[in-house]
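Asks: Please find one structure pasted underneath; my questions will follow.
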Amino acid sequence: MNDDELLALNLVHPIHTTERRSFRSCRRRWNWVFRDMYYPKITARPLEFGVAYHAAMEKWYDPHLWGHEDHAFIGKRLALLEFQKVVNDQLKEYKRLNGELDHETKEDYRDRVDLGVKMITYYIDKISPLVDVGFKPIGVEVPFEVPLGFRCTCDYCWKKFSSYLLTRDPEFLEGFGEKFRHRWAGLPVTYGGRIDMIALDEHDRVCIFDW
């Protein structure tokens, strides 16, 4: 299979900025998270808050609503509802993994919602009218995967590829798997991630925004 076919099937070895930073910071931690796949059941609070805030901004900068005469009202309402929905989903997941909440955790989630609502309201009412001029959004939370021109045959890639083969033919790897692996070219290595927002300015130049 060529690179384009593998990319279309998401059969790649992706490298993201988070992994690069982890690799430079602590090789042992990087190995635990990105090779052994050890990860805390509960995401750190600031990261959860960031996820919810990004979800709200995705609604506020929705290209389908941008420029609508009622965007200020509709977009703000959708952004606030989305933020609260994501936080509530995070709370449900916490309960599923840990049982009932103690007082401190309940207060933390309440404070999280209160802070997020105030931040989003202030941004939409006070900041956005001043800075969000001269452009129109054309895409939010846009994923990308850029091939780096080489392939990887690590255990992670082999497991991913062999799992795909087993869905196509459950008997394909029986008695032939290791022989096939020795001749296998590997999966394309890509640099991937998500762009918070892509917009066009008044001169039709493409602009990339990061929140």
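The values are calculated or read from the model by the stated rules, or taken from the named source; none is laboratory data. As the structure is a computational prediction, the values presented were derived from the model and not from experiment. These accessible areas exclude ligands, DNA and RNA; they are computed on the full protein's heavy atoms, side chains included. Shrake-Rupley method; radii C 1.70, N 1.55, O 1.52, S 1.80 Å.
Asks: Tell me, what is the per residue accessible area of the chain in Å², probe radius 1.4 Å?
Replies: That works out to 66 Å² per residue.
Asks: Ok, one more. Could you give the length gained on full extension between Trp32 and Cys154, defined as 0.36 nm per residue of separation minus the Cα-Cα distance, in nm?
Replies: 42.4 nm is the gain from fully extending Trp32 to Cys154.
Asks: Pull out a ≥ b ≥ c, the square roots of the eigenvalues of the alpha-carbon gyration tensor of the range 31-107, then state rounded if a/c is under 1.5, prolate if not and a/b is larger than b/c, and oblate in the remaining case.
Replies: Note, shape of the range 31-107 comes out oblate.
Asks: Based on the alpha-carbon gyration tensor of the range 124-211 and its eigenvalue square roots a ≥ b ≥ c, which shape applies: rounded if a/c is under 1.5, prolate if not and a/b is larger than b/c, or oblate?
Replies: In terms of gyration-tensor shape, prolate.
Asks: Another one. At 1.4 Å probe size, with the rest of the protein present, what percent of the exposed accessible area of the range 122-211 is carbon and sulfur atoms?
Replies: Carbon with sulfur: 57 percent of the solvent-accessible area.
Asks: Continuing with the same structure: Show which lysines lie in cross-link reach of Lys159 when reach means a straight Cα distance below 16 angstrom and same-chain residues fewer than eight apart are skipped.
Replies: Lys179
Asks: Ignoring ligands, DNA and RNA, please state the percent of accessible area on the range 43-107 from carbon and sulfur, probe 1.4 Å.
Replies: Within the range 43-107, the accessible surface is 53 percent carbon and sulfur.
Asks: Give the shape of the chain as rounded, prolate or oblate, defined through the alpha-carbon gyration tensor: a ≥ b ≥ c are the square roots of its eigenvalues, a/c under 1.5 means rounded, and otherwise the shape is prolate if a/b is larger than b/c and oblate if not.
Replies: It is oblate, given that a/c is not under 1.5 and a/b is not larger than b/c.
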